[in-house]
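Peer 1: Structure incoming, see below.
The values are calculated or read from the model by the stated rules, or taken from the named source; none is laboratory data. Bear in mind that the values here come from a model prediction, so they are computed numbers and not experimental data. Because the Cβ atoms are built from the backbone with ideal geometry, glycine has one as well, and the counts that use them run over all protein chains shown. For the accessible areas, the whole protein counts, side chains as well, though only heavy atoms, and no ligand, DNA or RNA atoms are used. Shrake-Rupley method; radii C 1.70, N 1.55, O 1.52, S 1.80 Å.
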Amino acid sequence: MTLLDVGDGLLIADIQNDFLPGGALGVVDGDKILPALRTYIDRFHSRGLPIFVTRDWHPPHHCSFRDRGGPWPVHCVAGSAGALPPDDFQVPASSVIIYKAIDPDEEAYSAFHHTPLQRHLKALGVRRLFIGGLTTEYCVLSTVKDARALGYETYVLMDAMKPVNPDDGRRAEEEMLWMGARPVTLKDLPA
């Protein structure tokens, strides 16, 4: 059992239309984690704990796009419908939105990469970071790596993340745990 307390923060990676089924880079069953994420949000919000939400916010000719030699189709273009969260996934007004991968010539999977996230966490006194969302082997893994490198006690929301590729997702989970991140599910956090 893990009790939530002052110093804890929730970080949800990239719940955006383009990463959900039917989107430009839709993750199979990516929408299946939304109920668990909503419950995590409720548990953190009801205790007045900070919530951070990341969004890929690419310029139209981002280096990760295939037409620029990158591996991905065009997705999450800043301001587009695909870059927004689904209508049924709203976060509290107090949530901090972290826009990432906004430089056209630089890929950025981690929520820490050239963003103000670290400053927000320090200002709010966050010491333990609970991380989930999309996708396990890209943005979640990269964010967990950086969180651990920066000294945060890090928890991975095992029931609230999905990979692009299941085998890569399993390897990413193993890597995160090897780095010292702790697995947690809703059953581990009291309501």
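Peer 1: When you go through 93, 111 one by one, which is the residue that is modelled with pLDDT of 95 or more, part of a loop (DSSP other than H, G, I, E, B) and over 25 Å from residue 184 (Cβ atoms)?
Peer 2: Working: 111 fails: over 25 Å from residue 184 (Cβ atoms).
Of the residues listed, the single one that is modelled with pLDDT of 95 or more, part of a loop (DSSP other than H, G, I, E, B) and over 25 Å from residue 184 (Cβ atoms) is 93.
Peer 1: Quick check on my filter: what residues within region 155-177 are farther than 15 Å from residue 40 by Cβ and either outside any loop (DSSP other than H, G, I, E, B) or modelled with pLDDT under 95 (or both)? Show your work before the answer.
Peer 2: Step one: of region 155-177, the residues farther than 15 Å from residue 40 by Cβ are 163-177.
Within region 155-177, 166, 167, 168, 169, 170, 171, 172, 173, 174, 175, 176, 177 meet the criteria.
Peer 1: Go through 106, 137 for me and flag whichever is more than 24 Å from residue 29 (Cα to Cα) and either assigned to a helix (DSSP H, G or I) or modelled with pLDDT under 95 (or both).
Peer 2: Details: 137 fails: more than 24 Å from residue 29 (Cα to Cα).
So the residue among 106, 137 that is more than 24 Å from residue 29 (Cα to Cα) and either assigned to a helix (DSSP H, G or I) or modelled with pLDDT under 95 (or both) is 106.
Peer 1: Which one of these does residue 120 not meet: (1) farther than 15 Å from residue 44 by Cβ; (2) surrounded by fewer than 23 Cβ atoms within 10 Å (Cβ to Cβ)?
Peer 2: (1)
Peer 1: Next up: If you check every pair at least six apart or on different chains, which have Cβ atoms under 9 Å apart with a residue in region 94-107 that is touching a residue at least 24 places away in the same chain (Cβ under 8 Å) and within 20 Å of residue 52 (Cβ to Cβ) first and a residue that is of a type in the set (Ser, Thr, Tyr) and open to solvent by 50 Å² or more (accessible area, probe 1.4 Å) second?
Peer 2: 100/109; 101/109
Peer 1: Quick check on region 55-79: of everything there that is small (Gly, Ala, Ser) and either in contact (Cβ under 8 Å) with a residue 24 or more places away in the chain or in a helix (DSSP H, G or I) (or both), which residue is surrounded by the most Cβ atoms within 10 Å (Cβ to Cβ)? Let's see the steps before the verdict.
Peer 2: If we filter region 55-79 for residues that are small (Gly, Ala, Ser), which is where we start, we get 64, 69-70, 78-79.
Okay, now just the ones that are also either in contact (Cβ under 8 Å) with a residue 24 or more places away in the chain or in a helix (DSSP H, G or I) (or both), so 64, 70, 78.
Values: 64: 22, 70: 13, 78: 15.
Top of the filtered list is 64.
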